[in-house]
1. Take residues that are modelled with pLDDT of 95 or more and under 29 Å from Ile199 (Cβ atoms) and tell me which of the strands (runs of 3 or more DSSP E) falling wholly in the stretch 10-89 contain 1 or more.
2. Looking only at strands (runs of 3 or more DSSP E) that fall completely inside the stretch 100-218, which ones have 1 or more residues that are of a type in the set (S, T, N, Q) and surrounded by fewer than 20 Cβ atoms within 10 Å (Cβ to Cβ)?
3. Take the residues in the stretch 45-60 that are in contact with a helix residue (DSSP H, G or I) (Cβ under 8 Å, 6 or more places away or on another chain) and basic (Lys, Arg); name whichever of them is nearest to Ser188 (Cα to Cα).
4. Quick check: anything in the stretch 122-144 at pLDDT below 95 and either among the aliphatic types (A, V, I, L, M) or in contact with a Ser or Thr (Cβ under 8 Å, 6 or more places away or on another chain) (or both)?
Amino acid sequence: MRQGALLGGPERKKASMLDTLDLTALDGFLGIYPPAAPRGAMSSPLGSLVARPAVRCRNGVAYLSARSWRAGTKDADLADLKRWKARRAPEEISAAAGEVAVFLRELIGGWPGVVSNIACGHSRCEDCWGKQLARETARLLEAPFVKLFEDRFVSGSSHPKEFDRLPPLQWREQPDRPVLVVDDLATSGWHMEEALTLIRAVGQPAMGIAWIAGSVTG
C-alpha cells in the first residue's frame with residue numbers, strides 16, 4: 001500500500017478516544033523528573049520546560065510526550081533548543097534522553113524492542129540531533145538502536161504547512177520487532193503519525209515518544 005494512502009491528506013481525521021491525556025494527574029507521576037522552575041533553574045535542562053508526561057493523538061495515532069513549553073518563555077526556549085541542535089553537545093543530548101528513558105522505565109519498565117528516530121531532514125545532517133537523541137535513549141534503555149528510515153534532507157523551515165510537500169519516507173531497514181520512535185519535538189504530531197503508521201503497516205507494533213510537545217500557560 002502506498003504511504004500516501006496510509007496517511008491521507010488534511011481531510012483524514014479519525015475519531016479518537018484520546019486528544020491529550022495529561023498524566024501528571026496520576027498520583028506520583030511527577031516524581032519521574034523535577035517540575036519546571038524559573039528560567040535558568042537546574043530542574044529543567046532547557047529553559048523553563050514544564051514536566052508534563054502526556055499521551056497525545058493525531059488522526060487516531062497516539063504517542064507520548066515528556067515535557068511541554070511554558071507559553072511565556074516558549075520563544076526564548078525554542079531559540080535555546082535550536083542552539084542545542086546546532087552544536088549537538090553530548091551532555092545536552094544525554095539530559096534530554098535521560099528524561100525520555102526515565103519516563104519509559106516508569107511507565108512500562110523499559111523497552112522490549114528496537115529504538116529508532118524520525119528521519120533527519122531540515123538539519124541536513126546525517127547525524128542530526130534527533131537521531132543522536134534516539135540513539136542515546138536506546139543506550140539508556142539497553143535496547144538496540146536501528147535507523148529504519150533514510151534521511152530526508154529538505155530546505156526551508158520545519159513547519160506543518162510544508163509537510164504535504166515532503167517526499168514519502170523510504171525504508172532503510174524494515175523492523176522485525178516492536179519499535180519505539182523517539183523525536184525531540186512534536187509540533188503537530190505529523191512526523192510521528194507518519195513514522196508510526198508506516199511501521200504498523202508492515203505488521204510491527206510501534207510506540208512514539210517526543211521529548212517536547214504542546215505548551216501550557218502559567
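The values are calculated or read from the model by the stated rules, or taken from the named source; none is laboratory data. The shown structure was predicted, so the numbers you read here are calculated from the model rather than taken from an experiment. Cβ coordinates were reconstructed from backbone atoms using ideal geometry, including for glycine residues, and neighbour counts include every protein chain displayed.
1. Working: elements: 20-22, 50-58, 61-70.
So the answer is 50-58, 61-70.
2. Numbers: elements: 114-117, 179-186, 206-216.
Passing ranges, in order: 206-216.
3. Of the stretch 45-60, the ones in contact with a helix residue (DSSP H, G or I) (Cβ under 8 Å, 6 or more places away or on another chain) are 45-49, 51-55, 58-59.
The next check asks that each one be basic (Lys, Arg); those that pass are 52, 58.
On the way: Arg52: 17, Arg58: 8 Å.
Step by step, filter the stretch 45-60, then rank; the result is Arg58.
4. Among the residues of the stretch 122-144, at least one is at pLDDT below 95 and either among the aliphatic types (A, V, I, L, M) or in contact with a Ser or Thr (Cβ under 8 Å, 6 or more places away or on another chain) (or both), which makes the answer yes.
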